[in-house]
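Beneath this line is the structure, given in structure tokens, with notes to follow.
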Amino acid sequence: MSYKVNEIKISYQEKSSMSKSVTIKSSKDAAVIIFKHWNQDTIAIQESFKVLLLNNANKVKGIYQVSTGSITGTLVDIRILFAVIIKSLSVGVILTHNHPSGKLIPSEADKQLTQKIKKAASFFDVKVLDHLIITPNGDYYSFADECIL
């Protein structure tokens, strides 16, 4: 009996040289970069979850949008998130999502998700450096700055 099995191909390529990458030194640096790369046509309409991927020197490797949801929430598939983190060989991440309402207070679900991701990241020696909530006017809330990471 013959079985046909598909081979899985994994690839990743840096689009720009590391010398041109931006280095994250604070939550404000991350918030400015994330806000600039957020679709301004949808930031006030629906929640999205993105991850800022970093190398060991906190240089930005890229930004990946993990999910897009509704006005009040978005579902994050941890397997997809970590597939991207591992495939890009990132050693640090900054989680981020927007609150279309403009409220900068994290929900219990936001806190629980952050802890779940942080726990999973520890198995892969990946550091969750922060989780930012971004509002349509550019304000942000940093879990790290508020010592709830």
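The values are calculated or read from the model by the stated rules, or taken from the named source; none is laboratory data. Note that the structure is a prediction, hence the values are computed from the model and not measured. With ideal geometry, Cβ positions are generated from the backbone for all residues, glycine too; neighbour counts draw on all protein chains shown.
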Filter the stretch 79-106 for residues that are farther than 20 Å from residue 54 by Cβ and among the small types (Gly, Ala, Ser); which is surrounded by the fewest Cβ atoms within 10 Å (Cβ to Cβ)? 102
Could you grab me the full set of residues in the stretch 45-104 that are farther than 22 Å from residue 116 by Cβ, outside any strand (DSSP E or B) and small (Gly, Ala, Ser)? 57, 101, 102
Which count do you get for residues in the stretch 87-134 that are modelled with pLDDT under 95 and among the β-branched types (Val, Ile, Thr)? 1
It is to be established whether one or more residues within the stretch 1-18 are of a type in the set (A, V, I, L, M, F, W, C), at pLDDT 90 or above and surrounded by fewer than 16 Cβ atoms within 10 Å (Cβ to Cβ). no
Counted residues in the stretch 107-142 being part of a loop (DSSP other than H, G, I, E, B) and either without any contact (Cβ under 8 Å) to a residue 40 or more places away in the chain or surrounded by fewer than 20 Cβ atoms within 10 Å (Cβ to Cβ) (or both) come to 8
Any idea which residue in the stretch 40-54 is surrounded by the fewest Cβ atoms within 10 Å (Cβ to Cβ), counting only those that are out of contact with any Leu (no Cβ under 8 Å at 6 or more places or on another chain) and over 16 Å from residue 140 (Cβ atoms)? 41
